[in-house]
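Asks: After the structure tokens below, expect a handful of questions from me.
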């Protein structure tokens, strides 16, 4: 082992600076944040060790459970809806014979993914505006009164899910289309000779061929469910904050605006633990398929 390390010493020397930068910029803040969550933080430095007091406060905090519920509803709804639509649209586009039409649709649905949430939020707030918005303009053509979409809590979460799906739809479609192209065309030809129709080809060849890709994409999206921030920060207003305030914006207010760094760190590590647990169970349940 020592001899192998010595032979590869120049390689280790070349990657050493990157490892140092990674340790300083990534792992050091993680460790420091965890230590901070166990202290009564003071801005001037130091702080008394309080153990798990901050974590106990998190568990008893009704605001934390409220924002966690909002996060799971918005993130989970977006995850499931977007995933189903991505697979469905990819399968439909794969059946399109004309390449120009297929590429045009791919470009159109992928464009929102290129925009930041500042742009996407501004677009949807403008579309849903009560007086000048396109949606209320269409309702007005049918003699219907304007709907104040962005100030009604009952509509806030569905709107957030729709905008999230609209933004992320194209990215997943491209991944699934790329995976479909890797399926051996001989399988389709053999099945067609045996008399299989389009639905049977999709069901017995395309879907099994996509299975491992679907698991990986779902896992990557699952990791982001509890880390929603930009959308809520941009689109939330005081009228709907009880329905659209999520864990990351709650942590931001605690740490940056209220200077409760210790409590904010505890909230962040509770969310991190939840994410790791979800990922662990999901990965172990699907590990065999992912490794294929």
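The values are calculated or read from the model by the stated rules, or taken from the named source; none is laboratory data. Bear in mind the structure is a predicted one, so any value in this text is a computation, not a measurement. Here Cβ is always computed from backbone atoms with ideal geometry, including for glycine, and neighbour counts include all displayed protein chains.
Asks: Inside segment 127-152, can you point out the residues that are surrounded by fewer than 12 Cβ atoms within 10 Å (Cβ to Cβ), part of a helix (DSSP H, G or I) and touching a helix residue (DSSP H, G or I) at 6+ places or on another chain (Cβ under 9 Å)?
Replies: Result: 134, single match.
Asks: Quick check on segment 153-174: of everything there that is surrounded by fewer than 16 Cβ atoms within 10 Å (Cβ to Cβ) and over 15 Å from the mean Cα position of the chain (by Cα), which residue is modelled with the lowest pLDDT?
Replies: Keep residues of segment 153-174 that are surrounded by fewer than 16 Cβ atoms within 10 Å (Cβ to Cβ), which gives 153-154, 158, 162.
With the extra rule that they be over 15 Å from the mean Cα position of the chain (by Cα), the set shrinks to 153-154, 158.
On the way: 153: 88, 154: 91, 158: 94.
Only one residue tops the list, namely 153.
Asks: Can you name the residue in segment 1-39 that is touching a helix residue (DSSP H, G or I) at 6+ places or on another chain (Cβ under 9 Å) and at pLDDT below 80 and, of all such residues, is farthest from residue 259 (Cα to Cα)?
Replies: If we take residues in segment 1-39 being touching a helix residue (DSSP H, G or I) at 6+ places or on another chain (Cβ under 9 Å) and at pLDDT below 80, then 5 is farthest from residue 259 (Cα to Cα).
Asks: Also, I was wondering about something else. Is there a residue being in contact (Cβ under 8 Å) with a residue 24 or more places away in the chain, in contact with a helix residue (DSSP H, G or I) (Cβ under 7 Å, 6 or more places away or on another chain), assigned by TED's automatic domain parsing to the domain that holds residue 159 and crowded, with 19+ Cβ neighbours inside 10 Å anywhere in segment 94-108?
Replies: No: segment 94-108 contains no residue that is in contact (Cβ under 8 Å) with a residue 24 or more places away in the chain, in contact with a helix residue (DSSP H, G or I) (Cβ under 7 Å, 6 or more places away or on another chain), assigned by TED's automatic domain parsing to the domain that holds residue 159 and crowded, with 19+ Cβ neighbours inside 10 Å.
Asks: Among the helices (runs of 4 or more DSSP H) contained in segment 1-91, which hold 2 or more residues that are closer than 30 Å to residue 222 by Cα? Give the derivation first.
Replies: Working: elements: 2-7, 9-22, 28-37, 53-60.
Fully inside segment 1-91 and qualifying: 9-22, 28-37, 53-60.
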